[in-house]
Amino acid sequence: MNKIVYSLIAFVFWGLTACQEEVIPAETLKEQPVLFPDYVEVTVPATIAPLNFQVQAEYEKIDVVVRAGNGGMLHVQEAKVARFPEKDWADLLEQSKGGNLELTVSLKQKGRWVQYAPFQIQVSEAPIDYGLVYRLIAPGYEMYSKMGIYQRNLSDFSQDAIYENTLIPSSCVNCHSFCKNNPQNMSLHLRGEYGGTVLKHGGKMDYLDTKTPQTLSSCVYPYWHPSGRYIAYSVNQTQQVFHAVRDKRIEVFDHASDVVVYDIERNVLFSCPQLKSEGAFETFPSFSPDGKSLYFCSAVRQELPKDYQQVHYNLCRIAFNPDQKTFSQQVDTLVLASAEGKSVSFPRPTPDGNFLVYTLSDYGTFSIWHEDADLYLLDLRTGISRCLDEVNSPDVESYHSFSSNGRWMVFSSRRLDGLYTRLYLTFVGPDGQMSKPFLLPQEDPEQNEMLLYSYNIPEFVEAPVSLDVNEVEKSALSRKYKKVGYE
Amino acid sequence: MRISEQKVMGAGTLLFGLLAFLFFWRLYPFHVCYQEQYQLFLFSSSYMIDVLSKPGGLAEYVSTFLTQFFISSAAGAFILAFLLVLMQRLVYVSAKSLGGFRAVFYPLTFLPSLFYWMLLCNENYLLVGLVAPIMALGLFCFCAGRGRSLWWGYWLLMPLGLYFFAGISCWIWLLLWMAYEWQKREWSRKVYGFYFVWGILVCLLFPLALKYAGWMYPWKLLFFGTSFFRFPLLGTSSVVLVYLLMLCGVPLLTAWLSRKVKKEGKLMLVVGVLQIGVLFGGGGFLILHAADFLKEEIMAYDYHTLHRQWKKSIERAEQQAPSSPLSVACLNLALCKEGMMADRMFHYYQNGTEGLLPSFTKDFTAPLITSEIYYHIGFVNTAQRYAFEAMECIPNLQKNVRVIKRLAETNIINGEYVVARKYLHILQRTFFYRDWATETLAILSDEKKVEQNAEWMQLRKYRTKKDFFFSEQEPDMMLGFVFSQDSTNRIAYEYLMAVCLLRKDLPSFLKYYPMGKSIGYARIPESYQEALVYAWGLQHKDMKGIPYQIDNQVLSRVNAYGQIYTSYANAEPLLRKQYSGTYWYYLHFR
């Protein structure tokens, strides 16, 4: 009996291996293949998950040979998608740190093999964080179905839910944020009937009610102070309206907005007149890596919705004394976007403090619905901004964040289809130069097309996030809030 | 059991199945088709893994697979009838397995099927409520059919497996199997006690363990595994528990009665006939009582609208005037598409602008119907938004195949081919929309072929070229704005006029009326004549000098109407018979 079983196993194994054909190219092309996702000549971290891809052509089989500089090699032959075994891929990349991989793609078309010119993938020595945390949500209007905040291990394809709104039906979850990419210090908002802010800090979890009589709303866009003691938030009175014309869908604007800072130790919010001015909208705060400055966006108040296209946010900076909890009187305008009829959103400084990347669009605050939105890099040492042409596309580029060492940036873009936001990673050089971005690898690249969700607010994390969802559920359903004060 | 008894039982089952089939096919067909729309079954491994990885996943997967065939009411009715019959037969076989069965109690085995048939009259009860118990009963019958106790390994794993495959229905198997083992008495009391406690622990505590392992569902949902109701957390658990108890209780009761009642003869015949009478009479009464024919009417109008069966909508209204705003809204669209709205809309019951352009509600059905109306007027973005919102409102978090198709269409009309392709590729993974998706994908690669689609091209022409923010409160402004950009958009014009008339806003009607010259009516439509005559009459003693070409018939009718209206304090009953189809009657009495 055993003999029969072993023979069968051997036969199946032989059958499987025998499926790999020897590639004798009938034709060798001078051009490189057009891949989906486009991984040609990209720079990747050594711990990135396999860059599985397919070629944008009709074919019966795909054959890919990956050669490392040190002689290592990986060979796959598949029907449609070139899938690399995770372990072999990881080993090959580890050996190739600081070097290049050369990929030779051959396609079997109408019974004959066609070989494309090889292309390179550069394997950076700069490490990348453990993973990404993002929200998955349908790019809808007012209503939402299933959504959640998920973490993705960048070394493989595993994705785990941190919170899904199946736990508390009809709840919405957004604005997850970490202190210097550390999952031990995190916050996220729950919205809806049981809404509140989940704050995980020093191994303890609180469920906050951040609405105070002195503030416009509950806290919205967060950014942690590097010390871990403060979180800067905006408070916004937001409205959403819907366009009738074909190439626009949604407009989101604030009728009023301020910036406040939450003191975790004292459980109070505080601000200053410069961050709460009557004649301006202040939003999107972010602390500098040394914690001594607060960046934010500010626009002159307009009559809304009538003049929604006249709302132009400038990038500003105010000095902050974390010991005294005081702000300077002076506000510096770093990017006067309004002078050029443009608007800044999502300012994010690099961890070394040398640069700041922001999103620039024609007007307003909600750049994800603005096709013109692009990423810009401000050199904080010279004050000169430049458009990040090397990463931008004709479609929307919006939210972005940096790895702990600042060498990698993740950003959201709608370049694939104009609606469903996907994540792209790019290598950031010490001079602020960025490499050709690449789409977050998926086990099956077709996932990018089949998924009816957008990736939202990508943030790097150094280690897996652990959140006790039962505690979150209990606190939310029992409305056991820790009421935040204001001083 | 005598052969004749077998035949009678078989005939009873057949009759039951036939009645169920006829009910769903002829009396409730649009409820059947409705089910198909609120899900998106995909032939893809990721979809399968996603569904199967939840408790009750296999039952849900099978149910959604079968529900896609509900696109045809006949096929859906057949599947429903087949499953109801299958459940009844499994209850019968279960009862037989539990020791002794007398044909006289056969009618009792119909109880659970009749009960769920009644529940299915509510469009929010789902097919999984049949599939999951059938899986549990089927497994019990299979195990019992082997005629011996289960190997302990099976016994340990079975409740766990069933919980994952069929959710809460694992209790059916557990309780029936315990009863089966009890009457077989092959196990010692200790073994029996151990297995019983183990089974209870698995069914009760395993969901709790999942909860504490971080599964992101409320405890109640984990306990039920799969929801038989579209609103997973709404208070239907008691109904579902009664149903499940029935599924366990009926085989046990039937088996017990069969063992205990030994009498023969006429009395038993009377008992049997009585049961049949009560079950079929009572069941029929309850089912017809549970059936919601007003909803069936709305679903019918929606179905005709979706399939552009304008004449069928109008024929339906001729037979029985619709009364709900959504049905009226569908009828008005049908009248408009057939070029009859301006003449005949007041021939039917009108309930204000809600019956023309229903307000947006956070709901998964109403916005879908409203989306159709906006689509045909040329508000492509609004149609897209309403459809998307409807999909996002589905309470059991399903996607909607109809919406995905609509999103493909609206994006094609808007020239957003890349995202349209995404939706079409998804539809290629379905069974019934695959061909359409494949054909449409082929068309997209050739703009000339796209331009051959008359509907898309007309809507491209109609849609606004100048931007504005959608405002539900100002439909006249929006319709006027869209019509001003394309004065051939008859639908927009007639909706604009209809808004004014239904709001009883004659000044606006008179203001916008001249805009319709470009439509090229052969004569002024009847309801417009009625409004024009009335407005003229408000400021003039008679109709002399009226600057519109009014039919003599309208002139004589307005005189007669006016005479009755001004002569009687309570003129409404007198006017109803002859004038209920006029704008004047709507103006005064609606």
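Just so it is clear, none of the values below were taken in a lab; they were calculated from the coordinates. Keep in mind that this is a model prediction, so the values were computed, not measured. Glycine also receives a Cβ, built like all others from the backbone with ideal geometry; neighbour counts cover every protein chain displayed.
Straight Cα distances below 12 angstrom link B:Lys422 to the aspartates and glutamates A:Asp417, A:Glu446, A:Glu449, B:Glu409, with same-chain residues fewer than 8 positions distant left out.
Taking 0.36 nm per intervening residue step and subtracting the Cα-Cα distance, what contour gain separates B:Asn570 from B:Leu160 on full extension?
Values: separation 410, 0.36 × 410 = 147.60 nm, distance 7.14 nm.
Going from the current span to full extension adds 140.5 nm.
Under the criterion of Cα pairs below 8 Å and six or more residues apart, the relative contact order for chain A equals 14 percent. Among B:Leu27, B:Leu205, sorting on how many other beta-carbon atoms sit within 10 Å of each Cβ, with the fewest leading, yields B:Leu205, B:Leu27. By the count of neighbouring beta-carbon atoms within 10 Å, fewest first, B:Asp467, A:Asp263 end up ordered B:Asp467, A:Asp263. Here the simple spin-label model places points 7 Å from the Cα toward Cβ, and for B:Arg189 and A:Ser277 these points are separated by 8.7 nm. Neighbour counts of other Cβ atoms within 10 Å put B:Trp584, B:Trp187 in the fewest-to-most order B:Trp187, B:Trp584. Of the residues A:Val64, A:Val123, A:Gly148, the one whose Cα sits farthest towards the positive end of the charge dipole of the range A:48-160 is A:Val64 (charges of +1 on Lys and Arg Cβ, -1 on Asp and Glu Cβ, taken about the Cα centre).
Excluding same-chain neighbours fewer than eight residues apart, the lysines reachable from B:Lys260 by a Cα-Cα span under 21 Å are B:Lys96, B:Lys184. Peptide packing for A:460-469, A:403-412 was compared via the average number of neighbouring C-beta atoms within 10 Å per residue; ordered from the highest value, the list is A:403-412, A:460-469.
Residue pairs exceeding 25 angstrom between C-alpha atoms, taken from B:Lys504/B:Lys541; A:Lys180/A:Lys200; A:Lys276/B:Lys466; A:Lys211/A:Lys276; A:Lys292/A:Lys480: A:Lys276/B:Lys466; A:Lys292/A:Lys480. Using θ = phi - 60° in the Karplus curve 6.51 cos²θ - 1.76 cosθ + 1.60, the 3J(HN,Hα) couplings for the range A:467-475 round to 10, 7, 5, 5, 5, 4, 4, 4, 5 Hz; x is entered for Gly and Pro. In order along the range B:571-581, the Karplus-derived 3J(HN,Hα) couplings, from 6.51 cos²θ - 1.76 cosθ + 1.60 at θ = phi - 60°, round to 7, 4, x, 6, 7, 4, 5, 9, 10, 5, x Hz, and Gly and Pro are given as x.
Please give the charge dipole size of the protein assembly as shown, origin at the Cα centre, charges +1 on K and R Cβ atoms and -1 on D and E Cβ atoms. Round to the nearest 20 debye.
Working: 101 positive and 101 negative charges, 927 e Å.
The calculation lands at about 4460 debye.
Based on the alpha-carbon gyration tensor of the protein assembly as shown and its eigenvalue square roots a ≥ b ≥ c, which shape applies: rounded if a/c is under 1.5, prolate if not and a/b is larger than b/c, or oblate? Mind dumping the intermediate values first?
Details: a/c = 1.67, a/b = 1.08, b/c = 1.56.
Note, shape of the protein assembly as shown comes out oblate.
If one computes the Cα centroid of the range A:362-380 and of the range B:300-373, what distance in Å separates the two points? Centre-to-centre (Cα) distance: 44 Å. Pairwise Cα separations in the range B:454-590 fall into 10 Å bins from 0 onward with the following percentages, short to long: 11, 36, 30, 17, 6, 0. Label positions at B:Ala454 and B:Lys220, each projected 7 Å from the Cα along the C-beta direction, are separated by 5.2 nm.
Can you give the average number of partner chain beta-carbon atoms within 10 Å of each beta-carbon in peptide A:244-253, as a whole number? It would help to have the intermediate numbers written out before the result.
Details: counts 17, 9, 14, 5, 2, 5, 2, 2, 0, 0.
Mean partner shielding for this stretch: 6.
In straight-distance terms, cross-link reach from B:Lys362 covers every one of the aspartates and glutamates whose alpha-carbon lies under 17 Å from its own, apart from those fewer than eight places away in the same chain; here that gives A:Glu142, A:Glu193, B:Glu354, B:Glu372, B:Glu389, B:Glu392, B:Glu472. Distance from the C-alpha centroid of the range A:224-238 to that of the range B:181-210: 54 Å, rounded to the whole angstrom.
Mean residue ellipticity at 222 nm, helices only, the protein assembly as shown: -12500 deg cm²/dmol; runs of at least 4 DSSP H residues each add -39,500 (n - 2.57), and the sum is divided by the number of residues. Whole-Hz Karplus ³J(HN,Hα) for the range B:73-83, in order, using 6.51 cos²θ - 1.76 cosθ + 1.60 and θ = phi - 60°, x for Gly and Pro? In residue order, the calculated couplings are 5, 5, 5, x, 5, 5, 4, 4, 4, 4, 5 Hz.
Once the Cβ-Cβ distance of B:Leu294 and A:Ala57 is raised to the sixth power relative to R0 = 45 Å, the FRET efficiency obtained is 0.25. Inter-chain neighbour count for B:213-221: the average number of beta-carbon atoms from partner chains within 10 Å of each residue's beta-carbon is 5. Computed from the C-beta positions of B:Leu252 and B:Gln320, the FRET efficiency with R₀ = 56 Å rounds to 0.75.
Assuming 0.36 nm per residue, please report the length gained on full extension of the stretch A:Val241 to A:Arg112 beyond their Cα-Cα distance.
On the way: separation 129, 0.36 × 129 = 46.44 nm, distance 5.49 nm.
Once the chain is fully extended between A:Val241 and A:Arg112, it gains 40.9 nm.
Across chain B, the mean sequence separation of Cα contacts (distance under 8 Å, 6 or more residues apart), normalised by length, yields a relative contact order of 13 percent. Computed from the Cβ-Cβ distance with R0 of 22 Å, the FRET efficiency linking B:Ile519 to B:Gln473 stands at 0.25.
Peptide A:138-144 has a mean shielding of 6, counted as Cβ atoms of other protein chains within 10 Å of each residue's Cβ. Rg of the Cα atoms in chain A, relative to 2.2 N^0.38 Å, amounts to 1.07.
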